[in-house]
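First up is the structure itself, then whatever we jot down about it.
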Amino acid sequence: MNSAPMFRKVALIGFGLIGGSIARGAKSLGLAGEIVTTARSESTRARVRELGIVDHVVESNAEAADGADLIILCIPVGACGDVAKEIAPHLKHGAIVSDVGSVKAAVVKAMAPFLPEDVHFVPAHPVAGTENSGPDSGFAELFINRWCILTPPEGTNAEATEKLAAFWRALGANVEIMTPEHHDLVLAVTSHLPHLIAYTIVSTAEELEGVTQSEVLKFSAGGFRDFTRIAASDPTMWRDVFLTNKDAVLEMLGEFQEDLSKLTRAIRRGDGDALFDHFTRTRAIRRGIVQIGQDEAAPDFGRRHKQLGKAAE
Ligand code: NAP
């Protein structure tokens, strides 16, 4: 527990996987004197009250932002502009306004015009998540050893950026600073393209004639099920990601299609050397991710296997 809170009042607008994880982490570490939250629907607000994690659950975004020292929008990217407009008149002089959106240039473009000059706008993206959403899905440890990318627009107060960086570091994250455009290009290949591929493969398998759906599910351990985890991600969030990071995603999709054509050609020609070299390179990338601590070394993503002789239990 910290001796003095980093922020007197923190407002979390939106309480789903990310907002709920920030709330749980900040509360257990004492990073905020007071945490106020709100959500769009009455049902989510009621559930957050029941959970009893935050100090106050209020009815509107404006009420949450009022007098807060740190305001974090934990809502879909496409909603950030409207919410910035709504909270702008209620922001305290010197407050830090941030978000957690998976796309950065579009968020900056949507929010910045509404924010008064006497607040500090420091957009952020914690590169951490699961396929679950909603108020029950968050957990305090979500950000530990994950990266949080800050994309402060040019001229942002350095002290405010550092204060937000310290908040994320306290939640366990490593912090990196980059431009919103660079962020969007990097995430297009590391996150947005893999999601698009997973969404495609899962629907391709579902629509295949001659393979009944039950066979797709039954034999899914051959690799398919690992794509289904990603393809189960929140439809609203991912719709907004592809609508708002269109250019970078299309650029990466072009690269991907070229590489897919090369592999297709190697298969058609029976070019075993090309396939072997390709798969050797990709295996090294997986090992590199484990080496830098961004995934567990345990095989099969650490799934627990039943003991022999007890499989039927
Ligand atoms: P989530 O679990 O679905 O929670 C979203 C929250 O936003 C809910 O409280 C929801 O309220 C509220 N909300 C939805 N639409 C809104 C609107 N139009 N106006 C105001 N509030 C609205 O989502 P999440 O996974 O936490 O994602 C939130 C943000 O984090 C997104 O921008 C996403 O890009 C980013 N992000 C997500 C992940 C991930 O893996 N999920 C990782 C990193 C960053 P109701 O419950 O009342 O609808």
Inset, instruction - Go through 17, 250, 6 and say which Cα lies farthest out towards the positive end of the charge dipole of the chain; charges sit on Cβ, +1 for Lys and Arg, -1 for Asp and Glu. - result: 17
Legend entry - Hull-based mean projected area of the stretch 194-238, where the convex hull spans the alpha carbons, in square nanometres: 3.1
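Express the relative contact order of the stretch 172-261 as a whole percentage, based on alpha carbon pairs under 8 Å and six or more residues apart in sequence.
Taking the mean separation of contacting Cα pairs over the length of the stretch 172-261, I get 45 percent.
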Legend entry - Burial order of peptide ranges 214-225, 66-77, 182-193 (average beta-carbon count within 10 Å, highest first): 66-77, 182-193, 214-225
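Averaging sequence separations of C-alpha pairs under 8 Å and six or more residues apart, then dividing by the length of the chain, give the relative contact order as a whole percent.
15
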Inset, instruction - Could you please state, rounded to a whole Å, how far the C-alpha centre of the stretch 142-184 is from the C-alpha centre of the stretch 30-78? - result: 21
Inset, instruction - Order the peptides 157-169, 20-32, 195-207 from the highest to the lowest mean number of other Cβ atoms within 10 Å of their residues. - result: 20-32, 157-169, 195-207
Inset, instruction - Rank by packing, highest mean first: peptides 292-302, 262-272, 122-132, with packing defined as the count of other Cβ atoms within 10 Å averaged across residues. - result: 122-132, 262-272, 292-302
Inset, instruction - Pull out the extension gain between residue 286 and residue 229, defined as 0.36 nm times the separation in residues minus the alpha carbon to alpha carbon distance; nm, one decimal. - result: 18.7 nm
Legend entry - the chain - Rg (one decimal) and Dmax (whole number), Cα, Å: 21.8, 67
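Taking the alpha carbon gyration tensor of the stretch 7-178, what are the square roots of 5 times its eigenvalues, largest first, to the nearest whole Å?
Listed largest to smallest, the semi-axes of the stretch 7-178 are 21, 18, 15 Å.
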Inset, instruction - Report the relative contact order of the stretch 7-178, percent, no decimals, based on alpha-carbon pairs under 8 angstrom and at least 6 residues apart. - result: 24
Inset, instruction - Assign unit charges at the C-beta atoms only (+1 for Lys and Arg, -1 for Asp and Glu), then state the dipole size of the chain relative to its Cα centre in Debye, rounded to the nearest 20. - result: 900
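Each value in this text was obtained by applying a stated rule to the coordinates, not by laboratory testing. Not measured: the values here are computed from a predicted model. All Cβ positions, glycine included, derive from the backbone under ideal geometry; neighbour counts span all protein chains shown.
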